[in-house]
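The structure appears below as structure tokens.
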Amino acid sequence: MAYACTRSGTLGHERLTIRRFANEQAMHKWINARYDNLWRPYTGPLKAGIYAYVGGEWRNVKSIDRCLLAHV
């Protein structure tokens, strides 16, 4: 089971964080400990990680050059 959270930053920058859990109990424990309610179920093709919207698509921040990442 996976959950995703989309957060908008300054100047319209957007990040997508996806977390995957081994079972529902672990997911519920983690979700219930959160102070925000921005997490939603995710069934898309992306793996767990942090993504930035670059060039019209979601790309993992690990694959984006640091200079470019500072501007998105």
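The values are calculated or read from the model by the stated rules, or taken from the named source; none is laboratory data. All values derive from a computational prediction rather than experimental measurement. Backbone-built Cβ (ideal geometry, glycine too); neighbour counts: all protein chains shown.
Residue by residue through segment 1-23, note down the ones that are modelled with pLDDT of 85 or more and either in a helix (DSSP H, G or I) or surrounded by fewer than 15 Cβ atoms within 10 Å (Cβ to Cβ) (or both).
The answer is 20, 22, 23.
Report, ordered by the first and then the second residue, all pairs with beta carbons closer than 8 Å, sequence separation of six or more or different chains, a first member in segment 15-30 that is free of Cβ contacts under 8 Å to residues at least 60 places away in the same chain and of a type outside the set (A, V, I, L, M), and a second member that is surrounded by 13 or more Cβ atoms within 10 Å (Cβ to Cβ) and in a helix (DSSP H, G or I).
15/61; 19/30; 21/27; 21/30
Among the candidates 50, 64, single out the residue that is β-branched (Val, Ile, Thr) and modelled with pLDDT of 85 or more.
Numbers: 64 fails: modelled with pLDDT of 85 or more.
Selected residue: 50, the only one of 50, 64 that is β-branched (Val, Ile, Thr) and modelled with pLDDT of 85 or more.
Anything in segment 36-52 that is free of Cβ contacts under 8 Å to residues at least 40 places away in the same chain and assigned to a strand (DSSP E or B)? List them, or say none.
Of everything in segment 36-52, those that are free of Cβ contacts under 8 Å to residues at least 40 places away in the same chain and assigned to a strand (DSSP E or B) turn out to be 40, 49, 50, 51, 52.
Could you please find all residues in segment 56-71 being surrounded by 10 or more Cβ atoms within 10 Å (Cβ to Cβ) and either on the phi > 0 side of the Ramachandran plot or among the β-branched types (Val, Ile, Thr) (or both)?
61, 64
Please go through (1) exposed (fewer than 13 other Cβ atoms within 10 Å of the Cβ); (2) modelled with pLDDT of 85 or more; (3) among the hydroxyl-bearing types (Ser, Thr, Tyr) for residue 35 and return the number of the only condition it doesn't satisfy.
(2)
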